[in-house]
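No value in this document is a laboratory result; all are computed from the given coordinates. No experiment lies behind these values; they were computed from the predicted model shown. Note that each Cβ is placed from the backbone with ideal geometry, even for glycine, and that neighbours are counted across all protein chains shown.
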Amino acid sequence: METASYLADTNILLRLVQRDDPDHAVIRAALRAIQQRREQVLYASQNLVEFWRVCTRPKAANGFGLSVAETDRRARVIERLFVLLPDRPEIHTEWRSLVLAYAVSGVQVHDARLVAAMRVYGVDRLLTSNVTDFSRYPGVVAVHPRDAARLVAP
């Protein structure tokens, strides 16, 4: 990608649309700082799949318990604010390589797919609240929203 970019982790998208989340304000500040630096925030279809899962899952099962209509409304906000990295066959190939090379299993396979998209598109920065989840992947710079918000435009 020519413009400096961050791929947003799904936890960023979820907290952005939940105004009562304790991290909502710091995520908004980070996004404003990134925008002021004329950098882009990207998302992958994987992000929206995970986002939809959490939004529509019942609260009793650690979800948001939202209707499909409300989830769609919130997903449209994400689609309007961020740039989609379309799925490409190379993402699957890269994902397969990553899960084998790093013995990825369980829920971490979703993170590996985000990393695969980053590699295919040449994006090295990930905006995430879970920085340590991505430490196994060389070349991925996981940036916490607090740190992104502190950076200033050149």
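Of the residues that make up the range 129-143, is at least one touching a His at 6+ places or on another chain (Cβ under 6 Å) and β-branched (Val, Ile, Thr)?
Yes, that holds for at least one residue.
Restricted to the range 74-113, and to residues there that are under 18 Å from the mean Cα position of the chain (by Cα) and small (Gly, Ala, Ser), the residue that is nearest to Leu16 (Cα to Cα) is Ala75. Checked against the criteria, Glu50 counts as touching a Ser or Thr at 6+ places or on another chain (Cβ under 7 Å) and within 25 Å of Arg19 (Cβ to Cβ). On the stretch given as the range 112-132, residues that are over 15 Å from Gln40 (Cα atoms) and either touching a Cys at 6+ places or on another chain (Cβ under 7 Å) or free of Cβ contacts under 8 Å to residues at least 60 places away in the same chain (or both) total 7. Quick one: would you say Glu94 is of a type outside the set (Phe, Trp, Tyr) and closer than 22 Å to Asp124 by Cα? When the stated conditions are applied, Glu94 passes them.
Yes/no per residue for (1) without any contact (Cβ under 8 Å) to a residue 40 or more places away in the chain; (2) not hydroxyl-bearing (Ser, Thr, Tyr):
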position: Asp21; (1), (2): yes, yes
position: Arg37; (1), (2): no, yes
position: Ser45; (1), (2): no, no
position: Lys59; (1), (2): yes, yes
position: Phe64; (1), (2): no, yes
position: Leu81; (1), (2): no, yes
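Comparison of Val141, Val99, Val107 shows that the only residue that is surrounded by fewer than 20 Cβ atoms within 10 Å (Cβ to Cβ) and either closer than 17 Å to Leu42 by Cα or polar (S, T, N, Q) (or both) is Val141. If you go through the range 22-52 and pick out every residue that is surrounded by 14 or more Cβ atoms within 10 Å (Cβ to Cβ) and over 23 Å from Tyr121 (Cβ atoms), you end up with 5. Given the conditions (1) among the aliphatic types (A, V, I, L, M); (2) closer than 18 Å to Val49 by Cβ; (3) surrounded by 13 or more Cβ atoms within 10 Å (Cβ to Cβ), and given that Ala149 satisfies all but one, which numbered condition is not satisfied? Going through (1) among the aliphatic types (A, V, I, L, M); (2) closer than 18 Å to Val49 by Cβ; (3) surrounded by 13 or more Cβ atoms within 10 Å (Cβ to Cβ) one by one, Ala149 breaks only (2).
Scanning the range 110-126 for residues that are crowded, with 19+ Cβ neighbours inside 10 Å and of a type in the set (Phe, Trp, Tyr) yields a total of 0. Among the residues making up the range 1-45, those that are touching a helix residue (DSSP H, G or I) at 6+ places or on another chain (Cβ under 9 Å) and among the hydroxyl-bearing types (Ser, Thr, Tyr) are Ser5, Tyr6, Thr10, Tyr43, Ser45.
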